[in-house]
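Working notes for the structure below.
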Amino acid sequence: MWFEILPSAAIITVALSIPTFALYGINKLVLGNGYRRNMDERFARVMYQRDVRLTVNPYIQNGLEAIPDK
């Protein structure tokens, strides 16, 4: 019958969703933040490198006070 496919569909759905939810925990352990920045475009990579250079943690919001005066 048609309902015999439901257990298999549930197993496949759970197996495919595990990596999505596991990435939050992995990023939390490695980066200290649950969310990764999107590095698809060059501008985003440059801004990430700028934040790392100015402040050690690029995930903490910083204002003008984080930029050192020269």
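Each peptide in 56-64, 1-9, 26-34 was scored by the mean count of other Cβ atoms within 10 Å over its residues; highest first, the order is 26-34, 56-64, 1-9. With K and R counted +1 and D and E -1, the other residues having a Cβ less than 12 Å from that of P58 yield a net charge of +4. Taking a point 7 Å from the Cα of N57 along the Cα-to-Cβ direction, the residues of the stretch 1-40 with backbone N closer than 19 Å to it are 24-38. Applying D = kT/(6 pi eta Rh) to the chain, where Rh is the Kirkwood radius over alpha-carbon pairs, T corresponds to 4 °C and eta to 1.567 mPa s, the Stokes-Einstein value obtained is 84 µm²/s. Fewest-first ordering of D40, D69, D51 by other beta carbons within 10 Å of each residue's beta carbon gives D69, D40, D51. Each helix, a run of at least 4 DSSP H residues, gives -39500 (n - 2.57); summed and divided by the residues of the chain, these come to -19000 deg cm²/dmol at 222 nm. Amide H to amide H distances under 5 Å link G34 with no residue, where only residues 5 or more positions off or on other chains count and H is placed in the peptide plane.
Every number here is computed from the coordinates shown, using simple stated rules; none is lab data. Note that the coordinates shown come from a computational prediction; the quantities given were computed from them, not determined experimentally. FYI the Cβ positions are ideal-geometry reconstructions off the backbone, even for glycines, and counts take in every protein chain you see.
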